[in-house]
1. Would you please state which residues of region 148-183 a label at Thr190 would reach in this model, taking the label point 7 Å out along Cα→Cβ and a backbone N cut-off of under 17 Å?
2. Pull out the extension gain between Val206 and Thr46, defined as 0.36 nm times the separation in residues minus the alpha carbon to alpha carbon distance; nm, one decimal.
3. Quick one: Cα centre-to-centre distance for region 100-159 and region 165-198, in angstrom?
4. Can you classify region 31-170 as rounded, prolate or oblate using the Cα gyration tensor, where a ≥ b ≥ c are the square roots of its eigenvalues, rounded means a/c under 1.5, and otherwise it's prolate if a/b beats b/c and oblate if not?
5. Taking only the alpha carbons of region 208-254, what extent do you get along each of the three principal axes, in Å, biggest first?
6. Please compute the modelled spin-label separation between Leu216 and Lys240, points set 7 Å along Cα→Cβ, answer in nm with one decimal.
7. I need the per residue convex hull volume for region 84-145, using only the alpha carbons, in cubic angstrom as a whole number.
8. Could you list the residues of region 119-140 with an amide nitrogen less than 17 Å from a label point located 7 Å from the Cα of His183 in the Cα-to-C-beta direction?
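Since every read-out is calculated from the coordinates, none of them should be taken as a lab result. Bear in mind that the values here come from a model prediction, so they are computed numbers and not experimental data. Please note: Cβ atoms are built from the backbone with ideal geometry, for glycine as well, and neighbour counts cover all protein chains shown.
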Amino acid sequence: MGKISKLVDSIEKETLEEDKIPFTAPLSPEEDRILKNEEFPQITLTDVDPRLLVYHQPDSLVAEHFKILRSQILHPRTGLPARFILVTSAVPKEGKTYTAVSLAFSFARTTPTLLIEADLRKPSFSEKLGIKLDYGLSDYLAGERRELNSVVYKTDYHNLYILPAGKTRVEAKDLFSSESIIHFLEELRTKFPKHFFIFDSPPVLVASESISLSRLADGILFVVRYAFSDYEVVAEAVDKIGKSKLLGFVFNNYMPSSLGLFSPKLKYYRYAYKYKYYK
Ligand SMILES: Nc1ncnc2c1ncn2[C@@H]1O[C@H](COP(=O)(O)OP(=O)(O)OP(=O)(O)O)[C@@H](O)[C@H]1O
Ligand SMILES: [Mg+2]
């Protein structure tokens with residue numbers, strides 16, 4: 001076996017072991033109360049999109065690759081892990097929501113996680129997660145809902161909380177550049193002191209909200225749908241958000257064998273998988 005595949009196998013083994021470790025960090029009474037769901041309304045996920053394999057097939061290859069991604073984010077080579085993670089891309093339909101939701105399912109298996117639908121223009125959580133919720137982030141930022149517990153929901157999936165987009169509004173972009181977003185982030189850190197926050201967002205070259213959010217994020221995951229966006233387009237978007245907080249790129253729909261660069265036996269690169277559902 002080659003060196004790279006040995007390395008990949010050892011990372012995968014490590015991340016599999018990690019999944020078995022329960023969340024054991026000591027909790028304050030406030031954190032304990034939050035984790036016992038005493039504050040947030042509960043929802044049951046009953047109709048999750050079958051394409052979300054991390055949820056439906058936790059032992060699948062796709063789920064393994066999200067574990068590796070999770071592990072890389074949770075255990076950075078230097079410094080502390082990014083807690084406020086923005087998932088974005090240059091243009092629409094590159095797989096941001098798919099990546100954000102899959103990553104959140106993967107994170108929640110080991111770490112308390114809040115998944116936030118910050119694409120207020122084109123929300124799709126209801127379709128991907130089969131949930132219909134009346135209020136969410138836009139209502140909180142617009143001041144119509146004042147408490148987090150009126151917009152955040154505890155799901156029945158491990159330690160996963162969800163904050164949906166809420167009502168669609170014309171002034172979506174202004175909500176992210178207002179004072180209320182700063183207050184919102186402070187509230188999140190207070191009410192969810194142990195959680196990781198995964199933000200799904202609109203595409204950088206289409207909506208300025210992602211640029212505002214990138215200024216506030218600790219880390220940015222940039223999704224690139226393979227053979228879809230031009231290099232110049234991706235470079236322009238990365239230029240807009242800056243490189244300093246980039247955690248890395250997620251190559252969605254990547255086809256390594258077509259490039260002939262990697263052995264088809266090399267599991268690590270098969271996150272590249274071609275999936276048949278892309279429309
Ligand atoms: N890796 C994948 N496997 C299976 N289906 C995928 C994958 N990535 C994306 N899709 C599907 O492709 C479509 C577009 O993906 P998604 O909605 O995540 O893109 P997006 O970047 O969030 O788009 P938008 O900019 O419109 O919000 C969806 O139907 C999604 O379920
Ligand atoms: Mg999306």
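1. Backbone N within reach: 148-152, 179-183.
2. 54.4 nm
3. 11
4. Rounded.
5. Between the extreme Cα coordinates on each principal axis of region 208-254 lie 30, 17, 17 Å.
6. Result for the modelled spin labels: 1.8 nm.
7. Once divided by residue count, the hull of region 84-145 is 109 Å³.
8. 136-140
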